[in-house]
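What follows draws every value from the coordinates through simple rules; no lab data is involved. Keep in mind that this is a model prediction, so the values were computed, not measured. Neighbour counts run over all protein chains shown; Cβ positions are idealised from the backbone, glycine included.
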Amino acid sequence: MKKQKLHNINQLYRGRLQEHFGGEVPLVFGDGNTDSKIVLVGEAPGRTEVEQGKPFVGQAGKNLEEFINILGISREDLYITNVVKFRPVRYNQDTGRESNRTPNREEIRISADFIEQELSIIKPELVVSLGNIALKCILKDDKVTIGNMHGSPINVKYAGSEFVLFPLYHPASIIYNRALKDVYLQDMHKLRNYMKKAELYMS
Ligand code: URA
């Protein structure tokens, strides 16, 4: 039932993007346990995600493993998705290579109502957002920033669902910033405590 509904909205999204780009683009849809009480929302897939057709694999998957280990859960316990389901790239004329970039306003706008529908189908109790894009998109508020909101739970109400949002920094943003990494780890322990209190998958 949930899988069929997700399939239906994914096909709508595919159609919308085809119109926008004037052709087919490779998409990476949400993956994991559709009955999960916990959903993880990232920004957009990267190269490895597109190659494997799965969110958070490759380097991002390694970051996810750390997340999972601290929280004492397994990947199978989660449903994992991204706001934008295609890989936004920048092309380097000199090297001829493509690299990841942050999705732009238009790309987020096209994708935003799909993440709302996706969450309304999964009906999680807890949504963990990674970074600014996912936070702004889920709260439908462009003014909020992760710097102000990280590490504290927020109640969110959509037409089709109600859940607690727990914003974290995006793991990619902490790689070169030691101070932020410490904050990220502290937030993760706050999240662990929150999950324990809420009896979400904790032993
Ligand atoms: N991979 C994803 O699937 N999402 C991100 O936000 C980053 C890497």
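Given a 10 angstrom Cα cut-off, can you work out which residue in 112, 159, 44 is the most mobile in a GNM of the chain? Between 112, 159, 44, it is 159 that shows the largest mean-square fluctuation.
Short-range pairs are left out: with C-alpha atoms under 8 Å and at least six residues apart, the relative contact order of segment 86-203 is 19 percent. Cα gyration tensor of segment 14-68, axes a ≥ b ≥ c as square roots of the eigenvalues: rounded (a/c below 1.5), prolate (a/b > b/c) or oblate? Here segment 14-68 falls in the oblate category.
For the chain, the antiparallel share of DSSP beta bridges with both residues in that region comes to about 40%.
Can you classify segment 2-198 as rounded, prolate or oblate using the Cα gyration tensor, where a ≥ b ≥ c are the square roots of its eigenvalues, rounded means a/c under 1.5, and otherwise it's prolate if a/b beats b/c and oblate if not? Here segment 2-198 falls in the oblate category.
What FRET efficiency would be calculated for the residue pair residue 181, residue 14, taking the C-beta separation as r and a Förster radius of 35 Å, to the nearest 0.05? Display every interim value, and only then the final one.
Working: r = 37 Å, r/R0 = 1.05.
So, using R0 = 35 Å, E works out to roughly 0.45.
Charging the Cβ of each Asp and Glu at -1 and of each Lys and Arg at +1, and nothing else, the dipole of segment 2-198 about its Cα centre rounds to 260 debye.
Do you know the relative contact order of segment 2-56, to the nearest whole percent, from alpha carbon pairs under 8 angstrom that are 6+ apart?
That works out to 34 percent.
Please list, in order, the residues from segment 154-175 whose amide nitrogen is less than 18 Å from a point placed 7 Å along the Cα→Cβ vector of residue 144. Answer for segment 154-175: 154-171.
Under the combined filter of DSSP loop state and at most 13 neighbouring Cβ atoms within 10 Å, segment 91-184 retains these trypsin sites (Lys or Arg not before Pro): 97, 101, 140, 143. For residue 129, the amide hydrogen comes within under 5 Å of the amide hydrogens of 41, 166, 168, counting only partners 5 or more places away or on other chains and with H modelled in the peptide plane.
With contacts taken as Cα pairs under 8 Å and at least 6 residues apart, the chain reaches a relative contact order of 21 percent.
Report the gain in length on full extension from residue 172 to residue 51: 0.36 nm times residue separation, minus Cα-Cα distance, nm rounded to one decimal. Write out the running numbers ahead of the final one.
Details: separation 121, 0.36 × 121 = 43.56 nm, distance 1.91 nm.
Gain on extension, residue 172 to residue 51, equals 41.6 nm.
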